[in-house]
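Report on one structure; see the data block that follows.
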Amino acid sequence: MTRTLIPVLAAALALAGCGEPTMDRPNVLFLSVDDMNDWVGALGDETARTPNIDRLAERGVLFTNAHATSPKCNPSRTAILSGLRPSTTGVYANAEWWKPNFPEMVVLPRYFRNHGYHVAGGGKVFHHTPGFNPPDSWDEYSELVTDLRTENFLIPYRRPNHLTSFDWGPLDKSVMEMGDGATVRWAEDFLSREHGKPFFLAVGLFQPHLPFYAPRASYDSVGPGEAPVPVDRPGDLDDVPESGRKMAAYRVADLELILEHDDMDEVVRSYTACIRHADTLVGRVLNALDESRYGDNTIVVLWSDHGYHFGEKHHLTKNTLWERSSRVPLAIVAPGVTRPAGRSSRPVGLLNLYPTLIDLCGLPEKTDLEGVSLRPLLEDPDAEWRRPAIMTFGRGNHAVRSERYRYIRYANGEEELYDHSTDPNEWTNLAADKSFAHVIAEHAEWLPDSDAPGALRKGAFEFNPETYSWKRLEETEEQ
């Protein structure tokens, strides 16, 4: 038996009807990088050196206040590709397959496929482990190749029980010998071919995800000490409620191990090198598009699934509701809609990408989506925009980011409030200051009305990768 869907999803999961291909519709290049925070030249970072992301941003609209819907890979990507919040689906973690929980869900690539597009994907689009990328979403797919290893790690002080991803440093490989090179070669080939339909092409790079392995040339381009280590301010957690401190404590042993070995400079250097490497790969895909017959009629969207901490608030990786975990690069180029060098400071979430692409491509409106089209901001980056960005991590824990403030409410009612006009590092929690009660009340109005129970996890299903089917354990009916 399939899981009973919560009522709010009933309408959301109906299959869309098929449409006829229309060649005058624009193509879509849906280009993503993994775990890349806002260390991007176009967003003001002077170290990362991202000339290719920067030149893409110059072609259209760069959103300078863009945020992930969840600060973790699977819930973030599931929200982007389903158009539904984690609080609606219950997909809060990496261990929850969306497909067997919601077998009728029409995800973004499937919607385009149903409406006449040739839909192709490569690399990491959905979460990258087996079971997250059902083949019925695609006409063709190039599987992700990573640089993960199970032995011969570069970091000598790794604990024996560490995840294989806990490693960093240079590999003696060229740019295209790295794992993402296979995805980029496939994308270049795709763009060189003639297509009889408009296409939706998703290209998902694994860089700069852990392990922070960069090709030697990218690593050597970052001098020792060139990439500044973020500030871990002593006492920063003193005004943070217990729920926030618990989130910060996740993987704190890894952070303290790095600090014990005085290795944070090297970690940040390697991550910065991975960003430069990812930017080089983005440039190759953009060059392939420019050299193809499709450059003038292709919408380009570049996004990252969430941000990343390197010691801020004494935390490593993502998995928090603070700015560092959620702020991401987001750039959109839409021929005939955007103008060059657009910059929007309006708060936007990646949940808005699904309805935005439907709108820009002239596809039938999908009324069950929880985001809204960003088209008004693509046409005028300074247009009035009353909606904040909303983030969720775990059941009942949410952040609301407006143009000026970040408000956090945890499941137990604990709160945080930060004024980004005076406190961009979120060092002073204003939630206890009664003079900000009206600000909290205004932001709290945007919190989700309900929080779905967690979706059934992978352990509840038996997955057959050959047939890409699921069976509920202790039951006999396949999902």
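Here, each number is a calculation from the coordinates, and none is a lab measurement. All values reported here derive from a predicted model rather than from experimental measurement. Glycine also receives a Cβ, built like all others from the backbone with ideal geometry; neighbour counts cover every protein chain displayed.
Worth a mention:
- Distance between region 284-316 and region 128-157 - C-alpha centres, whole angstrom: 19 Å
- Normalised by the number of residues in region 212-290, the average gap of Cα pairs under 8 Å and 6 or more apart makes the relative contact order 61 percent.
- Taking amide H atoms as placed 1.01 Å from N in the peptide plane, the amide H of residue 121 lies under 5 Å from those of 140, 141, 142, 202, each 5 or more residues away in sequence or on another chain.
- Extension gain from residue 174 to residue 189, taking 0.36 nm per residue of separation minus the Cα-Cα distance: 3.5 nm
- Lysines whose Cα lies under 20 Å from that of residue 99, excluding same-chain neighbours fewer than 8 positions away: 72, 124, 366, 458, 471
- Here the dipole of the chain is about 660 debye; that uses its Cα centre as origin and unit charges on the Cβ of Lys and Arg (positive) and Asp and Glu (negative).
- Between residue 419 and residue 46, the contour length at 0.36 nm per residue exceeds the alpha carbon distance by 131.9 nm.
- Over region 127-193, the pair-distance histogram of Cα-Cα distances with 5 Å bins from zero comes to 3, 12, 19, 18, 18, 14, 9, 5, 2, 0 percent, rounded to whole numbers.
- Cleavage-rule hits, GluC sites (Glu not before Pro), region 68-140, DSSP coil, Cβ neighbours within 10 Å at most 15: 104
- Length-normalised contact order for region 94-233 - Cα pairs under 8 Å, 6+ apart - percent: 30 percent
- Remark: the residue 462-residue 256 segment gains 70.4 nm on full extension, using 0.36 nm per residue and subtracting the alpha carbon distance.
- Farthest toward the positive end of the dipole of the chain, out of 250, 217, 287, is the Cα of 287, where the dipole comes from beta carbon charges about the Cα centre.
- Helices of the chain meeting both criteria, an alpha-carbon length of 15 angstrom or more along the long axis and an average Kyte-Doolittle score not below -1.0, with helices taken as full DSSP H segments, are 179-192, 264-291.
- Each Lys and Arg Cβ is given +1 and each Asp and Glu Cβ -1; about its Cα centre, region 65-139 then shows a dipole of about 180 debye.
- Sequence-distant contacts, meaning Cα pairs under 8 Å at least 6 residues apart, place the relative contact order of the chain at 26 percent.
- Cα gyration tensor, the chain - rounded (a/c under 1.5), prolate or oblate: rounded
- Antiparallel beta bridges, as assigned by DSSP with both residues in the chain, represent about 45 percent of the total such bridges.
- MRE, 222 nm, helices only [DSSP H, n ≥ 4, -39500 (n - 2.57), over the chain, to nearest 500]: -7000 deg cm²/dmol
- A convex hull fitted to the Cα coordinates of region 35-154 yields 161 cubic angstrom per residue.
- FRET efficiency, residue 432 to residue 337 (Cβ-Cβ, R0 45 Å, nearest 0.05): 0.50
- Of the chymotrypsin sites (Phe, Trp or Tyr not before Pro) in region 143-252, those whose Cβ has at most 12 other Cβ within 10 Å and which sit in DSSP loop: 157
- From the alpha carbon centroid of region 170-227 to that of region 332-351 is 24 Å.
- Between the C-alpha center of region 383-439 and that of region 255-278 there is a gap of 29 Å.
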